[in-house]
Amino acid sequence: MSFRLHLPKLSVSRSARQSFTRVFAIFMLLVVTGLTAFPAPWNTAMGAVKNKIGWSLPNIPDNGFTLGLDLKGGVHLVYEADMSAIPAADRASALNGVRDVIERRANSLGVSESRVETTIADGHYRVIIELPGIQDAAEATKSIGETPVLQFKTPTAKTPTEATPEQQIQIDADQKAQRSAAVDIMNGAIKGDEVAWTYDGFVAADDSFYANLIKTFTRKTRVGVVKGVYENGSTINVVKYMSQGSEETVEASHILVCFAGATKCTQTRTKEEAKTVIDGLKAQATEANFADLAKANSDEPGAATSAGSLGTVKKGMMVQSFEDALFALQDGTISDVVESEFGYHIIYRTSSKKVPTYEFSHFEMPWTTLSDVVNTDPWENTELSGKDIKSASVAFDQQTNAPFISLTFNAEGAELFGKLTAANVGQVIGIFLDGEPVTTPVVNQAIYGGTAQITGNFTLAEAKTTAERLNAGALPVPINVLSQQTIGPTLGQASLDASLKAAFIAFLLISLFMVLYYRLPGFLAIVALLIYSAINLTLYKIFGVTITLSGIAGFVLSVGIAVDANVLIFERLKEELWSGRDLPTAIVEAAKRAWPSIRDGNATTLIATFILFTMGTSFIKGFALTLMIGIFVSLFCAMVITRSLLLAVSRRPSLKKRLFFLGLK
């Protein structure tokens, strides 16, 4: 009898504990995802705490969101490859080779977030290129759109260092005309003529481009177009001096302990083992012994001699998590353990100073130099080139199973290669693609028969990539521009601002409707939507999702789908309450009975988005990807978070009145 009287109390207590646990877990989920998506407030607070009391919790890496071309601005190019002369079996491989070369050319333009994709549809072989931050479409087309060039070169016997009298006359005449043209541009700019300036931002006094010009500055130097043209290497420039500022530079050193899987790490230790090692070093580290600890323990190449010194560091030079920790330190202090893509770090900030910076724009024109009229290249071309290669493929050594590159020449190429190797036994032959060395093997003996091997410490992936590059250079794959589009950074920012404003208004209207119509459940659904948004943004960062206008549209649409799941649950809850069920039981039954409709509705949407993602263009894929992510997250939020919050508040006596639920009397 006493057991029966005690059991309800135990059940209520257990339910209360479960409700508290669920609500606490939901709160922590919101905190973790919110800080992951927007870590700046946390890092700022931890920096302030560190300065105040000398210690704080670690900073959260802030790598920012990856913005697409339509939000950041840049150039969008579409090329079509002419595969008419390529056997059908080789076309996909040739297209991959072209893509690889274009990626390297895009990287040479200084674009850190370029996207190069290939599509094959209805016999059309196309390459789609997005170059965020690049505004000169003509220059981008010129730099990227040329057919890959494969060359075989030998070292130059002697590189000329001076021009002949005739060559010097040519250089002088060219420079005179170029200087006159540059002065005309300068004079026009001073008068207010429009000039297509290239904005360089703020640079330091030791900047490789502007250092010599900055040395001529005095206190009387005023902003505006600099009177005089500025020679730099193979260019002559008209310069616009815009303003002066300052930036902080830091002298620092660090200890790196990496682990298997970290970038450029050759160690085999696990991440947990690396954490144990770095924690031990952190416990020992002081200003006096930091250099010795770095020499003895750091995994950074050269640390044994450099003592982990990083020299002078400016913002933008290091990965984000490392930079945040370094610039949050005070001079003469040592950081907590910092994790980056390279492993675990301890950072010692020795000193810092403010240095002046200068804001410039420039207009660039060609300037003839010695290298334009005299061949100063340490390599010289041979008669053998990519046109003489029939094919390149990956093969494996029968004894070691190591991959190597197998080359097959056509008849003319086989003869040229035989002569070339016979004349260069014991010497290096360089194989260049787009002017960059792919490999520089040493010739061991004369090679006849029309085949050759390029051996080295290739991984299988490197061997495949090299073979594709060689085939791309060897095969005649001209590419033609189908379309080009330039999006200015101002337009991109305006698009981003408008999209965020639209998303905020949509969220506000949805919140207003849900609260007015569904009362307390509506409010809890909005809390779930906030968690839903934080989870989505966190996933975008973790998986490197590129956010585009279409992606934002997919996200906003998924918010509506998330609300729809809640609406189905709430409407079912009304029916359960009308049938006479008590509130907790009605909530459980409402979620259970609404699930089939929610599941089936979202399943059909997922099928459509999957088709869009697998068959659509990059623009459509952005929409489909964010919508798919949103659907999965919305299911979790509706069936777990909203349901848990409803159950938690339904057990509070002050909130059990039906007036709070759905407006029922």
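The values are calculated or read from the model by the stated rules, or taken from the named source; none is laboratory data. On a predicted model such as this, the values are computed, not experimentally measured, just so you know. Virtual Cβ from ideal backbone geometry, glycine too; neighbours counted across all protein chains shown.
So L77 ticks every box in (1) buried (at least 17 other Cβ atoms within 10 Å of the Cβ); (2) at pLDDT 75 or above; (3) touching a His at 6+ places or on another chain (Cβ under 7 Å) but one. Which box is left unticked?
Going through (1) buried (at least 17 other Cβ atoms within 10 Å of the Cβ); (2) at pLDDT 75 or above; (3) touching a His at 6+ places or on another chain (Cβ under 7 Å) one by one, L77 breaks only (3).
For region 189-213, give me each residue that is among the small types (G, A, S) and free of Cβ contacts under 8 Å to residues at least 24 places away in the same chain.
Here is the first cut: in region 189-213, the residues among the small types (G, A, S) are 189, 192, 196, 201, 204-205, 208, 211.
Correct list: G192, S208, A211.
Mind checking which residues of region 365-379 are in contact with a strand residue (DSSP E or B) (Cβ under 8 Å, 6 or more places away or on another chain) and either among the aliphatic types (A, V, I, L, M) or at pLDDT 80 or above (or both)?
Residues satisfying the conditions are M365, P366, W367, W379.
Have a look at V545, V515, V527 and point out the one that is within 19 Å of L645 (Cβ to Cβ), among the β-branched types (V, I, T) and touching a residue at least 24 places away in the same chain (Cβ under 8 Å).
On the way: V545 fails: within 19 Å of L645 (Cβ to Cβ); V515 fails: touching a residue at least 24 places away in the same chain (Cβ under 8 Å).
After ruling out the rest, the residue left standing is V527.
Return yes or no: is D62 over 22 Å from A461 (Cβ atoms), at pLDDT below 75 and touching a helix residue (DSSP H, G or I) at 6+ places or on another chain (Cβ under 8 Å)? Give the steps one after another, and end with the answer.
Details: over 22 Å from A461 (Cβ atoms): yes; at pLDDT below 75: yes; touching a helix residue (DSSP H, G or I) at 6+ places or on another chain (Cβ under 8 Å): yes.
Taking the combined requirement at face value, the residue satisfies it.
Taking region 218-277, which residues are surrounded by fewer than 20 Cβ atoms within 10 Å (Cβ to Cβ), within 23 Å of V355 (Cα to Cα) and under 31 Å from the mean Cα position of the chain (by Cα)?
Scanning region 218-277 gives M242, S243, Q244, G245, S246, E247, E248, T249, E251.
Every residue, every condition in (1) small (G, A, S); (2) at pLDDT 75 or above; (3) out of contact with any Pro (no Cβ under 7 Å at 6 or more places or on another chain), yes or no:
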position	(1), (2), (3)
N381	no, yes, yes
S385	yes, yes, yes
I389	no, yes, yes
A392	yes, yes, yes
E415	no, yes, yes
L420	no, yes, yes
P437	no, yes, yes
N444	no, yes, yes
E468	no, no, yes
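Restricting to region 244-260, what's the tally of residues that are farther than 18 Å from Q330 by Cβ, at pLDDT 90 or above and part of a strand (DSSP E or B)?
Within region 244-260, residues that are farther than 18 Å from Q330 by Cβ, at pLDDT 90 or above and part of a strand (DSSP E or B) number 3.
Enumerate the strands (runs of 3 or more DSSP E) found wholly within region 285-403, keeping only those where 2 or more residues are assigned by TED's automatic domain parsing to the domain that holds A182.
Answer list for region 285-403: 309-313, 338-340, 343-366.
Could you count how many residues in region 343-373 are buried (at least 20 other Cβ atoms within 10 Å of the Cβ) and within 30 Å of K295 (Cβ to Cβ)?
Residues flagged as buried (at least 20 other Cβ atoms within 10 Å of the Cβ) and within 30 Å of K295 (Cβ to Cβ) within region 343-373 amount to 7.
Restricting the search to region 278-306, which residues are at pLDDT below 90 and either buried (at least 20 other Cβ atoms within 10 Å of the Cβ) or touching a helix residue (DSSP H, G or I) at 6+ places or on another chain (Cβ under 6 Å) (or both)?
From region 278-306, those at pLDDT below 90 are 300-306; that's our starting set.
The answer is E300, A303, A304.
Residue pairs, Cβ under 6 Å, 6 or more apart or interchain, first in region 480-500 and of a type outside the set (A, V, I, L, M), second at pLDDT 70 or above and part of a strand (DSSP E or B). List them.
Between residues of region 480-500 that are of a type outside the set (A, V, I, L, M) and residues that are at pLDDT 70 or above and part of a strand (DSSP E or B), the close pairs are N480/E80; S483/V78; Q484/L77; Q485/H76; T486/V75.
Could you say which residue among V319, V337 is closer than 30 Å to M242 by Cβ and under 25 Å from the mean Cα position of the chain (by Cα)? Explain how you work it out, then say what you get.
Working: V337 fails: closer than 30 Å to M242 by Cβ.
None of the others qualify; the one that does is V319.
Say whether the condition of being closer than 30 Å to L539 by Cβ and either of a type in the set (D, E) or modelled with pLDDT under 75 (or both) is met by at least one residue in region 92-100.
Restricting attention to region 92-100, the residues satisfying the condition of being closer than 30 Å to L539 by Cβ are 96, 99-100.
Filter again for either of a type in the set (D, E) or modelled with pLDDT under 75 (or both), leaving 100.
Yes, the conditions are met somewhere in region 92-100.
Restricting attention to region 579-605, which residues are more than 26 Å from V649 (Cα to Cα) and surrounded by 14 or more Cβ atoms within 10 Å (Cβ to Cβ)? Show your work before the answer.
The first filter runs over region 579-605 and keeps only residues more than 26 Å from V649 (Cα to Cα), leaving 600-605.
G601, N602, T605 - these are the residues of region 579-605 that are more than 26 Å from V649 (Cα to Cα) and surrounded by 14 or more Cβ atoms within 10 Å (Cβ to Cβ).
Enumerate the pairs (first residue in region 214-242 and in contact (Cβ under 8 Å) with a residue 12 or more places away in the chain and within 13 Å of V195 (Cβ to Cβ); second residue anywhere and assigned to a loop (DSSP other than H, G, I, E, B) and not β-branched (V, I, T)) with beta-carbon separation below 9 Å, excluding pairs fewer than 6 apart on the same chain, so at least 6 apart or on different chains.
N237/F209; N237/W367; V238/W197; V239/Y210; V239/G228; K240/W197
Of (1) more than 27 Å from V49 (Cα to Cα); (2) in contact with a His (Cβ under 6 Å, 6 or more places away or on another chain), H254 satisfies all except one. Which?
The single condition H254 does not satisfy is (1).
Look through region 598-652, keep the residues that are part of a loop (DSSP other than H, G, I, E, B) and closer than 18 Å to A553 by Cβ, and return whichever of them is nearest to the chain's Cα centre (by Cα).
In the first step, residues of region 598-652 are kept if they are part of a loop (DSSP other than H, G, I, E, B); the result is 616-617, 651-652.
Still in the running and closer than 18 Å to A553 by Cβ: 616-617.
Details: G616: 22, T617: 20 Å.
Out of the qualifying residues, it is T617.
Tell me, which residue of region 1-53 that is β-branched (V, I, T) and farther than 16 Å from I531 by Cβ is modelled with the highest pLDDT?
T21
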